[in-house]
Each structure stands twice: as structure tokens, then as C-alpha cells.
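*Asks:* Let me begin by handing over the structure; questions about it come next.
The values are calculated or read from the model by the stated rules, or taken from the named source; none is laboratory data. Keep in mind that this is a model prediction, so the values were computed, not measured. All Cβ positions, glycine included, derive from the backbone under ideal geometry; neighbour counts span all protein chains shown. These area figures cover heavy atoms from the full protein model, side chains too; ligands, DNA and RNA do not enter into them. Shrake-Rupley method; radii C 1.70, N 1.55, O 1.52, S 1.80 Å.
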Amino acid sequence: MKLQQLRYIWEVSKNNLNVSATAESIYTSQPGISKQIRILEDELGIPVFTRNGKHLTSMTPAGKKIIDIAGEMLTQAQNIRNIAREYRDESKGSLSIATTHTQARYALPSVIKTFMNDMPDVSLDIQQGTPVQISEMVSQGKVDLAIATEAIELFDNLVMLPCYSWDRCILVPKGHPLTEIKRLSLSDVAAHPLITYVFGFTGRSKLDEAFSSENLSPDVALTAVDADVIKTYVRLGLGVGIVARMAYDENVDDDLVALDASHLFGQSVTKIGIRKDTFLRGYIYEFIGLFAPHLTQELISTAMRLKEQGAIDALFKDIKLPHY
């Protein structure tokens, strides 16, 4: 049994059993992958995949268990490499982050700039996606960190570290009727077509919960994953925008009015998700500390040793989070 064979079955399982797509993604040949999978199955004496002709159709029950263990072994093998690199040179390496547009566009730029200045020998890769997609990436070991507000809690092999809390605002053009109301209510907002985030993005669930709690069914006229897109359609007069407060820039967006909505939807918390069995190199602690200064190396290490998310949440119960 070779580590490369385990990598092949793991990658095939994550590419919908498409050997061609797998070969392309890991820069090798399709026949080579197929051959090594066959050799592994012959050695094990059982099939890992079921087949229809030359095509893989599903994982066998035993194959699924084998692939799960293969994923863990590949992670540990990477940890061994990381430990070796850490002791060779603590300031060289790579850091991969998966996050949403809102984080990449508004919360991360100053952190990224400082980190790149401080760690010039660390290559940085930022990937954007839906909260579920980015949580899957870190859960599968494809990236080091996931930064999001939604969906991270869906994966039980992740440690979730709270970074900061944030509020929303209502965006309207100048002269809009809502600007005449001193303290907005949910019914005031629900009286207008809404433009906001796609469900599952940037705390969207908080919006739905708030309206539902008052038996309101607002007209969500348009949804988008990108706050800049939402602002574009607000400018066209197609509805009232609901975005993260950090997405409003007084200088760039001076044609729009941002109305306080902190009392309407409550605060949301952005978190960093880390796979529980990941070895964190020194510069990863450095990055996390820049993004969330309260997350010290000692606190992160303690959280990584805890097995249940409830215990991790209790660890942060009395820590006042920064507010964006």
C-alpha cells in the first residue's frame, strides 16, 4: 500500500468519481490513476469502487471507510511535512484561505497587506466560494483556514474560533422614504422590495429568522452573493438593500444612505474554521492574530485540544469580541 494510491482514491472520491477530472486536478494521467487503484484493490482483496464497464459508479461500503481513513492519513502525512518545514524555516511556506466575497473584499485587505509585509516568504492563496464550499475545503484539507459567518458549524471535524461580531445596515438612495423614520422597524423595512444576500451567505439566516419571528413575509426582489452587486441594484431603485455594515464605505458610497439596522437583526459572528488534526505553523498563528488579536497562540492551542465544539464555545464565553 502506497501513500500515492491512498491519495488517488481520496481525490477520486472528491471529484464525483470522475477519474479524468481527478487526473486533471492533480496533474497526472487517467490510466495511471486507474492502474494504481486496481493495484490497491488487488492488494486489499476487495473493491474500493463499484464499476459499470470502465466507469466508477459508487464507493463500496468498505471503500467508503477506507477512503475516510485515507483522508486522515493524508492529513497526517501533510502534518509531518509541515513540522519538518517548521523546524527548517519558520518563516517560509504557504497559507491557503477559503472565504466569502464580503470577507475578502472588506475585512481581509488590511490584514493581508500587513501579513505579506511581515512574512514575504510565505505565499498566500485566497479562494472564494459559498460558506458550504469553503467549509468543505478546510474540512477536506484542501485549504488551511476557512473564514465565514455561515455553515462552518455543519462540519464536526472543524474547530470554530470566533473572530469578531458585526451588524447590518439598510441601504437606500438619498431621499428614500425610510430616511424620514428615526428608528426603523421590521415592518417599515418589509414594506419595500428587498435586495440582500443569497441564503447561506453573510448571516442571511439572521434576516430570515428576524422577519419570521414577527410573522412578516417580505418581498425579496433580488439576491446576490456580492455586496457591491446589491449596492448597484439599490442605486437603480429596484429595492432596499440589506448588507453587512462593513460593506458601506462613506466615501465610495456617498450617493447612498446607510440606516442603522443593528436593533432589527442582532449581531452575527464571523469565525475561523480549522481542521482539528491540522498542525499549525508559526506564520498561521501570526495571520490569525492579525485578523483576530484576541486569538493568541495559547488560546488557539487550547481550543485545538478540545474535542467538542461546546467546550470550545465555553472557552470564549467571557471574551469580548472585537466589533466590526
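*Asks:* Report, by residue number, each residue of the stretch 250-303 that is among the charged types (D, E, K, R) and free of Cβ contacts under 8 Å to residues at least 40 places away in the same chain. Show your work before the answer.
*Replies:* Narrowing the stretch 250-303 to residues among the charged types (D, E, K, R): 250, 253-255, 260, 271, 275-277, 281, 286, 298.
Scanning the stretch 250-303 gives Glu250, Asp254, Glu298.
*Asks:* Okay, next question. Name the residues in the stretch 70-118 that are of a type in the set (Val, Ile, Thr), under 16 Å from Ile274 (Cβ atoms) and at pLDDT 90 or above, would you?
*Replies:* Ile97, Thr99, listed by residue number.
*Asks:* Return the pairs, sorted by first residue and then second, in which the second residue is among the small types (Gly, Ala, Ser) and modelled with pLDDT of 90 or more, the first residue lies in the stretch 44-58 and is open to solvent by less than 60 Å² (accessible area, probe 1.4 Å), the beta carbons are less than 8 Å apart, and the residues are 6+ apart or on different chains.
*Replies:* Val48/Ala62; Val48/Gly63; Phe49/Ser58; Phe49/Gly63; Thr50/Ser58
*Asks:* So, one more: Residue under question is Leu295, and the condition is that it be over 26 Å from Ser96 (Cβ atoms) and in contact with a helix residue (DSSP H, G or I) (Cβ under 7 Å, 6 or more places away or on another chain); does it hold?
*Replies:* On the way: over 26 Å from Ser96 (Cβ atoms): no; in contact with a helix residue (DSSP H, G or I) (Cβ under 7 Å, 6 or more places away or on another chain): yes.
Judged against the criteria, Leu295 is not a match.
*Asks:* Being touching a residue at least 60 places away in the same chain (Cβ under 8 Å) and open to solvent by less than 20 Å² (accessible area, probe 1.4 Å) is the filter; apply it to the stretch 59-74 and report the residue that is farthest from Met137 (Cα to Cα). First the steps, then the outcome.
*Replies:* Taking the stretch 59-74 first, the residues touching a residue at least 60 places away in the same chain (Cβ under 8 Å) are 70-74.
When the remaining residues are screened for being open to solvent by less than 20 Å² (accessible area, probe 1.4 Å), the result is 70-71.
Working: Ala70: 16, Gly71: 13 Å.
So the residue we want is Ala70.
*Asks:* Mind listing just one residue for me: the one in the stretch 122-137 that is in contact with a helix residue (DSSP H, G or I) (Cβ under 9 Å, 6 or more places away or on another chain) and farther than 19 Å from Leu158 by Cβ and, of those, surrounded by the fewest Cβ atoms within 10 Å (Cβ to Cβ)?
*Replies:* Leu124
*Asks:* Looking only at the stretch 287-324, which residues are buried (at least 19 other Cβ atoms within 10 Å of the Cβ) and either charged (D, E, K, R) or in a loop (DSSP other than H, G, I, E, B) (or both)?
*Replies:* Listed by number, the residues that qualify are Ala292, Leu295.
*Asks:* Looking at the stretch 81-137 only, could you name the residues that are of a type in the set (Val, Ile, Thr), closer than 29 Å to Lys231 by Cβ and in contact with a strand residue (DSSP E or B) (Cβ under 8 Å, 6 or more places away or on another chain)? Let's see the steps before the verdict.
*Replies:* Here is the first cut: in the stretch 81-137, the residues of a type in the set (Val, Ile, Thr) are 83, 97, 99-100, 102, 111-112, 114, 122, 126, 130, 132, 134.
Adding the requirement that they be closer than 29 Å to Lys231 by Cβ leaves 97, 99-100, 102, 111-112, 114, 126, 130, 132, 134.
Residues satisfying the conditions are Ile97, Thr99, Thr100, Thr102, Ile112, Ile126, Ile134.
*Asks:* Right, next: For the stretch 138-185, enumerate the residues that are among the basic types (Lys, Arg) and either within 22 Å of Ile300 (Cβ to Cβ) or surrounded by 15 or more Cβ atoms within 10 Å (Cβ to Cβ) (or both). Steps first, answer last, please.
*Replies:* The initial filter retains those residues of the stretch 138-185 that are among the basic types (Lys, Arg), namely 142, 168, 174, 182-183.
Those that are among the basic types (Lys, Arg) and either within 22 Å of Ile300 (Cβ to Cβ) or surrounded by 15 or more Cβ atoms within 10 Å (Cβ to Cβ) (or both): Lys142, Arg168.
*Asks:* Okay, moving on. Mind counting the residues in the stretch 101-121 that are open to solvent by 40 Å² or more (accessible area, probe 1.4 Å) and touching a residue at least 60 places away in the same chain (Cβ under 8 Å)? First the steps, then the outcome.
*Replies:* Step one: of the stretch 101-121, the residues open to solvent by 40 Å² or more (accessible area, probe 1.4 Å) are 105, 109-110, 113-114, 116-118, 120-121.
In the following step, the residues that additionally are touching a residue at least 60 places away in the same chain (Cβ under 8 Å) were identified as 105, 114, 118.
Number satisfying all stated conditions: 3.
*Asks:* Still on this model: I'd like to check something: does the stretch 223-237 contain any residue that is part of a strand (DSSP E or B), under 20 Å from Glu150 (Cα atoms) and open to solvent by 50 Å² or more (accessible area, probe 1.4 Å)?
*Replies:* Filtering the stretch 223-237 down to residues part of a strand (DSSP E or B) leaves 223-224.
In the following step, the residues that additionally are under 20 Å from Glu150 (Cα atoms) were identified as 223-224.
Right, trim to open to solvent by 50 Å² or more (accessible area, probe 1.4 Å) and you get 223.
Yes, there is a match, as at least one residue in the stretch 223-237 is part of a strand (DSSP E or B), under 20 Å from Glu150 (Cα atoms) and open to solvent by 50 Å² or more (accessible area, probe 1.4 Å).
*Asks:* Among Val143, Val132, Val111, Val122, which is under 8 Å from the mean Cα position of the chain (by Cα) and of a type in the set (A, V, I, L, M, F, W, C)? Spell out how you get there, then give the answer.
*Replies:* Numbers: Val143 fails: under 8 Å from the mean Cα position of the chain (by Cα); Val111 fails: under 8 Å from the mean Cα position of the chain (by Cα); Val122 fails: under 8 Å from the mean Cα position of the chain (by Cα).
Going through Val143, Val132, Val111, Val122 in turn, the sole match is Val132.
Every residue, every condition in (1) surrounded by 13 or more Cβ atoms within 10 Å (Cβ to Cβ); (2) more than 29 Å from the chain's Cα centre (by Cα), yes or no:
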position	(1), (2)
Tyr8	yes, no
Lys14	yes, no
Ala23	yes, no
Gly32	yes, yes
Arg81	no, no
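*Asks:* I would also like to ask the following. Starting from the stretch 165-185, keep only residues that are touching a residue at least 60 places away in the same chain (Cβ under 8 Å), then list their pairs with residues that are assigned to a strand (DSSP E or B) and of a type in the set (D, E, K, R) whose Cβ atoms are within a distance under 7 Å, requiring at least 6 positions of separation or different chains.
*Replies:* Between residues of the stretch 165-185 that are touching a residue at least 60 places away in the same chain (Cβ under 8 Å) and residues that are assigned to a strand (DSSP E or B) and of a type in the set (D, E, K, R), the close pairs are Cys169/Asp260.
*Asks:* Filter the stretch 10-43 down to the residues that are in contact (Cβ under 8 Å) with a residue 40 or more places away in the chain and assigned to a helix (DSSP H, G or I) and list them by number. Outline the logic, then answer.
*Replies:* Kept after step one, since they are in contact (Cβ under 8 Å) with a residue 40 or more places away in the chain, are these residues of the stretch 10-43: 10, 12-14, 17, 43.
The answer is Trp10, Val12, Ser13, Lys14, Glu43.
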